């Protein structure tokens, strides 16, 4: 049962998805990648784990994609209230599983279990995004008659700091103990293959992984 403090925390988590400060300009670049990665796989059935403000689900529904959503918060109005650790569907129910900015809300010890559960209900593809605070330089150049060049260049002396649970995130890539190599290794050890991983140029706090079984 929630105590008063937990009720307040849950209400705040729900409301912040709909505040103006949440949908900053860069986040819409992330939405583009969230949608594009799904559409590019030409799925018939999609599961979105973590509905947030429903932007992705609503966009895809308008384009005729069969998408089902689950979330632990009933107040966000997912199709089904459920956890990523116990997805209430049979094996290989969906062509694509999308899980954007969700797994960092779980203790890292649950990360491998969540990956295995995502893999269980997917026929083939899983798309993730998680926070990455690793320092980068952004390089952008555009000249007449030359294709624009955009590149994120990792800082060679990224300052690694520890992560303190902030009532939201239990971990983030780039914090002490959570480097990119560890996350990649744990994904592979969960039986998944990494097709690609990248950070959004305009919103590099979000790192994407496109995975296959």
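Nearest 0.05, what FRET efficiency do residue 92 and residue 135 give at R0 = 35 Å with Cβ-Cβ as r?
It comes to 0.30.
Which value at 222 nm does the chain reach when only helices count, each DSSP H run of 4 or more adding -39,500 (n - 2.57), with the total divided by all residues and rounded to the nearest 500 deg cm²/dmol?
So the helix-based figure for the chain works out to -8000 deg cm²/dmol.
How high is the relative contact order of the chain? Use alpha-carbon pairs under 8 Å, at least six apart in sequence, and give a whole percent.
18 percent
Looking at the square roots a ≥ b ≥ c of the eigenvalues of the Cα gyration tensor of the chain, which shape do they give, rounded for a/c under 1.5, prolate if a/b is larger than b/c, or oblate?
Here the chain falls in the rounded category.
Going by how many other Cβ atoms sit within 10 Å of their own, how do 95, 23 line up, fewest first?
23, 95
In whole angstrom, note down how far apart the Cα centers of segment 126-155 and segment 53-84 are.
Comparing the Cα centres of segment 126-155 and segment 53-84, I get a distance of 29 Å.
Which order do 203, 165, 94 fall in if you start with the one that has the fewest other Cβ atoms within 10 Å?
165, 203, 94
Every read-out reported here was derived from the displayed coordinates using simple, explicitly stated rules and does not represent laboratory data. The structure displayed is predicted, hence computed values, not measured ones. With ideal geometry, Cβ positions are generated from the backbone for all residues, glycine too; neighbour counts draw on all protein chains shown.
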